[in-house]
Protein chains: 2
Amino acid sequence: MPLYLLALLLCAAAVVAVALIVRLMRPKDDDLDFFYDPNLGERFAHRWGFVDTQFEFAGPKQVRVTGSRYPLCGFVMPNFVPFAEEVLQIPFAPELMAQEIEHKEVTASRLTEAARAALDQRLKPGQVTAEDEDRLIHSHGQLSVDEIYRLLYRGPLERCVDAVVYPENEDEVQAVIEIAVEHDLCVVPYGGGTNVSGALLCPAEEERAIISVDMRRMNRILWLDEDNLQACIEAGIYGMDMERELDALGYTSGHDPDSVELSTLGGWISTNASGMKKNRYGNIEDIVLEATLVTPSGAVETIRATPRNSVGVQPRGLLFGSEGNFGIITKAILKVHPKLEARRYGSLVFPTFEDGVRFLRQLRRTDVLPASIRLVNNFEFRFGQALKAAPSASKKLIDKFQKFFLLKVKGFDPLQMCACTIVMEGSRAEVRHQARTVFSLARRHGGMSGGAANGKRGYMLTFGIAYIREFFNQFHVLGETFETSVPWDRIHTITAAVWEELQNQHRKYEIEGKPYLSYRVTQTYHTGVCIYFTMGFSGRNLENPAETYHGIEHELRQTILDNGGSLSHHHGVGKLRAGFLDQVHSAASTEAIRQAKRAMDPGNQFAARNGIFAAAASGEAREG
Amino acid sequence: MPLYLLALLLCAAAVVAVALIVRLMRPKDDDLDFFYDPNLGERFAHRWGFVDTQFEFAGPKQVRVTGSRYPLCGFVMPNFVPFAEEVLQIPFAPELMAQEIEHKEVTASRLTEAARAALDQRLKPGQVTAEDEDRLIHSHGQLSVDEIYRLLYRGPLERCVDAVVYPENEDEVQAVIEIAVEHDLCVVPYGGGTNVSGALLCPAEEERAIISVDMRRMNRILWLDEDNLQACIEAGIYGMDMERELDALGYTSGHDPDSVELSTLGGWISTNASGMKKNRYGNIEDIVLEATLVTPSGAVETIRATPRNSVGVQPRGLLFGSEGNFGIITKAILKVHPKLEARRYGSLVFPTFEDGVRFLRQLRRTDVLPASIRLVNNFEFRFGQALKAAPSASKKLIDKFQKFFLLKVKGFDPLQMCACTIVMEGSRAEVRHQARTVFSLARRHGGMSGGAANGKRGYMLTFGIAYIREFFNQFHVLGETFETSVPWDRIHTITAAVWEELQNQHRKYEIEGKPYLSYRVTQTYHTGVCIYFTMGFSGRNLENPAETYHGIEHELRQTILDNGGSLSHHHGVGKLRAGFLDQVHSAASTEAIRQAKRAMDPGNQFAARNGIFAAAASGEAREG
């Protein structure tokens, strides 16, 4: 064969290969939804999620996620354990796994017979329980080290709730509160139990009986107003149920927090939650028009829900972020959106995190924003890669092509590059317009499409993260996510400062192995972004793992505050971060909210003691 | 000439004519701004606006607006008086004009010598005054009948402020408040004095001396953060000044209320204001990130302004809609936007108001919204037409062409058709995308472009409306605008009910002539719209014009509430609408806000008594 023919053939092959890569990477319409029925699976009593889903060893250094609930399930991951060992510098093997404490101690119930009788008289059988297991389940949230790790592997909680009630309507909520006033009980509202702020931890100093009010039975869509695109929904509904039921009616609320499977509408309002698709649908305060908070002094609510108001100070301001301190949120009126015409996933890779941030910042200024766009740093990108299956032979070939193109042709550094996952929603025309804007702007910042499949995978990975925590917990790896909102120009300062401080702390406490820290930008705003950190390190040889962990978390939080970040973007304050509140709100603000509480709850029935009502938030406790 | 040639020629002429019309109506880029320096003109002491701008007679049935401040100025309007006479069925002529009361009585100042001395000691000369004229100016807002009409043509106010102070920085605001606490004075914050809710009317029952704190000297941009697109601005700045100064720095806040020339940043926050371009920039609660409220108990503020928070109940919720009841808003951090790449005005005409509403509703669902889009009903459209100059000969020809096309070819009914004014802003690509979406959707709802010039004229007309009130006031025509937010499916029910009720009331009080009512949709929301009504009727023969007027306004407001509208979309409650608040907020909400006030202002120094603090809002007063 003459040389020129060979050259021509090679050129043709190269063109075909490039075309193939481009084709494989091109984003395409995707209308797959993710609304399974969570009732189709038993939940863990204490740890996150469903019993069908667990990391298990599939070989000496290989793991697999059981079941088929998530895209993460059902295949062997050859790279996950090696990645974890490389990063944390500790070994992972079946024989090193901790044994869960089988018999978990529960403090004795303090509920008086009179109070129990009053509850039994007003509610039906099965609506009141003082069983140990029920009480223990309702005595914590999902705070990793202080709650889950402690409960499973360390020792008992200091204080548990004394009874659990399950009201089925607003009248019953009122009745429970009246009984609580009459018998001087402490009341703690319980939604999905997914908070990571210690909001549900029972105050040890509480001497009255504590009643947990589990709202799960108040889960109905009370009405749907299709003309005005709003719905009134009971606050105990789980996110996944709500979306599945709205979807069946042709609507969505668009609220999609990482915890959507297990968290509730009422919980979202009381923590001022944020959803992954907030660019399109808004955060919870944008989605919820009005809500009802039942307090010992009556219902705090706006009687007329109208599109927008100028009617003095609005009571709804007292509901968002109330964290169970005032009463029980029973229902809310939400905006709903007709079912999507189009949804398209996408992903992008950038040479560096800095490139990705520059791209996000410019994109924000175009005001053309996909429903969700999230940027993970290199560590988190590699973490995501480590959760993949061993590729098939054909996939291996494509992977090699892609890798060659990315690393050799484009010159990306595998220890620097980062990735963006994208969800675009709207009319077909709108999604086209978004895709054009996003991908052309990304190219100008050195970005390349990483394919729709990777975009979808990255978005869905969110739902598997908490199960990874459970896996690590078994090896005494203490980990948690924590988040902040920061101005655009502080992103790199804060991430660098947090990483440096974590290394300092790790050294200071002489912790074995190495610490892990990754982060992603999960939300963009006009003035900045939300940064979501994932942290972990080995606590195996620590005497007081919880104390050490929170000592470190506290220092990292202060580092964030000192560098211009917020105390929390959407996780809330609870008890965990209450000690920082005097750096956030002025004293006069705090006193005004305290007085407002006194009006709503004069007998302090709602003494969950979160935020400004936590012991850590009061001056004496801090000095002591 | 053969017949077929004639036909051909006629066809050609028709094509040219249509092309000409289309060309004339095509929207085009427009970058004209409207940031004059309001200091370039003396303001009226009591009535709205600048002394260079007034309606005056230019002939027996012709008027003209003096000066050159607005596009409305400097030409003869031949149709305005005939339109007014036709609609109101009363005559308008120079000899029927009322004479303004020259010497306006002012109640004696109750400021004690000790308090005056304390103020004089702390502030510089020229910062404290007890002159009658200054006090009278600060004793009212712009409530049409109860304040302006009364003051100019009827009789004195029951109670005036006893001194006016002009603080120049936050320390001085604090000092004034401290003096007020020490000497038990009542303090009323004063911004632009543009409210139409009676918020500045002095409570007759107030026995303490009342100090008006005029914030106009606190008008600086304290800092501009270009990296994070935010600015900290003192609350006394007038809207027009703020926009002019930001514009010089390359930015805009995007807040554009009808009152932007004369209202202030602090006033916007305390009334929860709305701007014409809220689709792009948001209402005031979206624009203002954080603000500082100085109260007798200290500053209510968030110490760290970060992009988004989950840090418990947020103090900013207490500021929006506070209406002077808690303290003085001294500064705010606002989002700012880099100067526009493109702005384009546009207008549309629809066969009927119903068509226009259908179009708006569909447009809202596309999520492609121009910065401003407002729909005026037929009456208001004709009102706008009546404010035009006599056309030139060439313009007359074009008008005739347009009219012929609209009425004969398209079959529009001049007594049914309505119009939309549009302002599109953003990048060039974004404006193009908006224009495509808007105009193609409009065509599907029977709409036709009415040209960019008409769009701009309609948008700018806003600034002339208040001067029209002054003109009518001179003829004892009592008029006011009032607004509400309503769900999409109640728009026609509410407008019809208000019109019917107005006619009933007009008959009931045996008022001469006919009542006028027009309305426009000024804002669209996911769940509904803002309807802005303009009402007027002759009060010449009424014994108690103010009482009658407010009796009628009260009934119309109740009609709106009964049909699912809100108490106010952005004007606020003040004293005018306080009696309705128990239909809006639950008792427990109100009590929580009352208690919050007690924490901030234990001595009730801020006793302007607006909203839930007004006499009309308390049960006793309502029953009495």
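Data for the structure
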read-out: Average beta-carbon neighbours from other chains, 10 Å sphere, peptide A:297-305; value: 6
read-out: Share antiparallel - DSSP beta bridges, the protein assembly as shown, percent rounded to 5; value: 90 percent
read-out: Ranked packing of B:156-164, B:400-408, most packed first, by mean Cβ within 10 Å; value: B:156-164, B:400-408
read-out: DSSP beta bridge pairing in chain A, given as percent antiparallel to the nearest 5; value: 90 percent
read-out: Using a 7 Å Cα-to-Cβ projection, B:His554 label spacings across copies, nm, ascending; value: 6.0
read-out: Per residue value of the accessible surface for the stretch B:285-377 (all protein chains in place, 1.4 Å probe), Å²; value: 25 Å²
read-out: Spatially proximal lysines relative to B:Lys597 (Cα-Cα < 23 Å; intrachain offsets below 8 disregarded); value: A:Lys597, B:Lys331, B:Lys575
read-out: Helix-only CD estimate at 222 nm, as mean residue ellipticity for chain B, using -39500 (n - 2.57) per DSSP H run (n ≥ 4); value: -10500 deg cm²/dmol
read-out: Proximal charge balance of A:Tyr467 [Cβ under 14 Å; K/R count +1, D/E count -1]; value: 0
read-out: Alpha-carbon centroids, the stretch A:249-306 and the stretch B:543-589: separation in whole Å; value: 29 Å
read-out: Test item: Cα-centred dipole of chain A, Lys/Arg +1 and Asp/Glu -1 on Cβ, debye; value: 3320 debye
read-out: Relative contact order (%) - criterion: Cα under 8 Å, at least six apart; region: chain A; value: 16 percent
read-out: Dipole of chain A, positive end: most advanced residue of A:Pro545, A:Phe580, A:Leu246 [Cβ charges, Cα centre]; value: A:Leu246
read-out: Accessible area (Å², 1.4 Å probe, nearest 10) - A:Thr66; value: 30 Å²
read-out: Positive-end residue of A:Thr352, A:Thr330, A:Ser197, charge dipole of chain A with Cβ unit charges; value: A:Thr352
read-out: Cα long-axis angle, helix A:113-122 against chain A (0 to 90 degrees, to the nearest 10); value: 70 degrees
read-out: Portion, in percent, of the accessible area of the stretch B:231-271 that falls on carbon or sulfur, probe 1.4 Å; value: 55 percent
read-out: Across the identical copies, how the A:Leu40 labels are spaced - nm, sorted shortest first, 7 Å along Cα→Cβ; value: 6.9
read-out: Label geometry 7 Å along the beta-carbon vector: B:Lys508 inter-copy distances in nm; value: 7.2
read-out: Residue of chain A whose Cβ sits closest to the axis mapping A onto B, with distance in whole Å; value: A:Gly317, 1
read-out: Total accessible area lost when B and A pair, probe 1.4 Å, Å² to nearest 100; value: 6500 Å²
read-out: Overall form of the stretch B:335-419 per C-alpha gyration tensor (a/c, 1.5; a/b vs b/c); value: oblate
read-out: Sum of side-chain charges, B:Gly458 neighbourhood, beta-carbon under 11 Å (Lys, Arg +1; Asp, Glu -1); value: +3
read-out: Centroid-to-centroid separation of the stretch B:158-234 and the stretch B:421-436 [C-alpha atoms, Å]; value: 39 Å
read-out: Dipole magnitude (debye, nearest 20) for the protein assembly as shown, charges at Cβ of Lys, Arg, Asp, Glu; value: 6180 debye
read-out: Approximate spin-label separation A:Arg244-B:Asp367, in nm, with each point projected 7 Å along Cα-to-Cβ; value: 2.5 nm
read-out: Interface residues in the stretch B:525-545 - accessible area drops by 40 Å² or more relative to the isolated chain, probe 1.4 Å; value: B:His526, B:Thr527
read-out: The stretch B:242-341 - share of DSSP beta bridges that are antiparallel (%, nearest 5); value: 100 percent
read-out: Among B:Ala419, B:Tyr153, B:Ala607 the positive-end extreme of the charge dipole of chain B (Cβ point charges); value: B:Ala419
read-out: Cα shape, the protein assembly as shown, gyration tensor, a/c 1.5 rule; value: oblate
read-out: Environment charge of B:Phe404, counting only residues whose C-beta is closer than 15 Å and scoring Lys/Arg +1, Asp/Glu -1; value: +4
read-out: Size of charge dipole - the stretch B:495-624 - debye, nearest 20, with Cβ of Lys, Arg +1 and Asp, Glu -1, no other charges; value: 380 debye
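The values are calculated or read from the model by the stated rules, or taken from the named source; none is laboratory data. Small disclaimer: the values here were computed from a predicted structure and weren't measured. Positions of Cβ are generated from backbone atoms using ideal geometry, with glycine treated the same way; all protein chains shown enter the neighbour counts. Note: areas computed on protein heavy atoms with side chains; ligands, DNA, RNA excluded. Shrake-Rupley method; radii C 1.70, N 1.55, O 1.52, S 1.80 Å.
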